[in-house]
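K.L.:
Got a structure for you, questions after.
The values are calculated or read from the model by the stated rules, or taken from the named source; none is laboratory data. Small disclaimer: the values here were computed from a predicted structure and weren't measured. Positions of Cβ are generated from backbone atoms using ideal geometry, with glycine treated the same way; all protein chains shown enter the neighbour counts. Accessible surface areas use protein heavy atoms only, side chains included; no ligands, DNA or RNA. Shrake-Rupley method; radii C 1.70, N 1.55, O 1.52, S 1.80 Å.
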Amino acid sequence: MTRGFRPLLRGSTYSGALFAFCAAPASLVLLPLAAIPAVAWASGLYEARAALTVLVWAVLVAALGLPRISRRALAAGARRLLAVRLPDVPAPAVGGGRWRTPLWLVAQVALGWVGGLSCLVLLLAAVSLPNNWLDGEARLSWSDRSVQVTGVWSWPVAAVCLLLVPVICAAVAGVLRRLAPALLGPSAAERLALASEQERRLAERNRLAHELHDSIGHTLTATTIQAAVAGEVLSADPVAARAALRSIEESTRAALEDLDYVLGVLREDRPGTAPTRTLADLPELLERLRHAGAVLEPELSGELTRLQGTLSRAAYRILQEGLTNALRHGAGGPVEVRVAAGPELLELSVVNRTGAAAAGRAFPTSGHGLPGLAERVRLLNGGFEAGPDGPEHWRLAVRLPVRWSA
């Protein structure tokens, strides 16, 4: 039972009713224009001229809803005053649903007039009936019937009139609240466009998360090992220590470029040029890892420089993640890196030793590296394998289809 009284206690009930009541007197500005055809039709019946005036008035009110700015303003008012959730729809509107805003305006003005006049009459009755406790009198007439309220009965009738005012406000606000999603919210085509835009943004953010994981994860792993190497040889071999520190500087500078780009996209600013590291940058990556103390055995074959940009960038990230995992979880010893670009297939593999020495290393891991690589390879229609290769080795193998650039 209390649920029925809840709308009467909400502030949005009365702000929503005010949203409609204010539209009614605002529409009076158009009434003189709406009366012109009726004035010109002087020979017509009064009822017909009145109906024509109301019809033209409704058309003029509806015309105010055609500009896109009207829809945005009315939707903002509905969110604030009616407390209804309406998703933002980017302009311009799509789907040809612009007729819905004029229909909303006509409904809002009509509800404003009906509800506003009803509340005004009820308030006047509530104030005037108990004017004199014994002599208060009111007569309500409709067609050939009339009801007369006199004496003591004027007080309960006045109380009922007063109670009906919030009921009418709740009814007006409730009707508008139900109409708002259908008339001011996104159409089916707009919802589809909105969902596509959200899906595109989510895919872009997931891609950036993969990029950030690959770049920052690799840099932190490499710089940790390089700092340890520099600390150990600082006194005995200053040249090697300086080389390790230079490698740390280069790695962190590259990681900062990636981080600036990703943060720019996430802030929806205009990001700088996206980092475009490809297989052409692989020798530099291998050199940095050698400075970190890694023993690498690279085997590069094929025309790597002719690979398409997307494929070459993805191959670089895959090898970067594979080498990072080898540094984190490997047991030392040589790391075999193989890149073979054939006529129709690009083959990548990273093989490192595993064992008890790897278990003692305390490198934290998010658990998203290999699943992220598998997803990246899947999007490129390639093949992905990762797992033990014999009792003492771990092997990452990727095969990607090749489309040669001219």
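K.L.:
Could you check region 262-283 and list, in sequence order, the residues that are modelled with pLDDT under 75 and either under 16 Å from Gln320 (Cβ atoms) or touching a Phe, Trp or Tyr at 6+ places or on another chain (Cβ under 9 Å) (or both)?
P.N.:
Of all residues in region 262-283, those modelled with pLDDT under 75 come to 262-276.
Hits for region 262-283 are Val262, Pro271, Gly272, Thr273, Ala274, Pro275, Thr276.
K.L.:
If only one of Ala188, Ala173, Ala158 is open to solvent by less than 50 Å² (accessible area, probe 1.4 Å) and either more than 29 Å from Val114 (Cβ to Cβ) or modelled with pLDDT of 90 or more (or both), which one is it? Break it down stepwise before answering.
P.N.:
Numbers: Ala188 fails: open to solvent by less than 50 Å² (accessible area, probe 1.4 Å); Ala158 fails: either more than 29 Å from Val114 (Cβ to Cβ) or modelled with pLDDT of 90 or more (or both).
From the options Ala188, Ala173, Ala158, the qualifying one is Ala173.
K.L.:
Still on this model: Any idea which of (1) open to solvent by 40 Å² or more (accessible area, probe 1.4 Å); (2) at pLDDT 85 or above; (3) in contact with a strand residue (DSSP E or B) (Cβ under 8 Å, 6 or more places away or on another chain); (4) within 17 Å of Pro334 (Cα to Cα) is the one Leu286 doesn't satisfy?
P.N.:
All conditions pass for Leu286, except number (1).
K.L.:
Restricting attention to region 30-53, which residues are surrounded by 13 or more Cβ atoms within 10 Å (Cβ to Cβ) and either under 29 Å from Gly16 (Cβ atoms) or within 48 Å of the chain's Cα centre (by Cα) (or both)?
P.N.:
Across region 30-53, the qualifying residues are Leu30, Leu31, Ala34, Ala35, Ala51, Leu52, Thr53.
K.L.:
Here is a list: Ala315, Ala340, Ala359. Which entry is surrounded by fewer than 18 Cβ atoms within 10 Å (Cβ to Cβ), hydrophobic (A, V, I, L, M, F, W, C) and at pLDDT 85 or above?
P.N.:
Every option except Ala340 fails the conditions.
K.L.:
Turning to a different aspect of this structure: Return only the number of the condition from (1) assigned to a helix (DSSP H, G or I); (2) surrounded by 18 or more Cβ atoms within 10 Å (Cβ to Cβ) that Gly65 does not satisfy.
P.N.:
(1)
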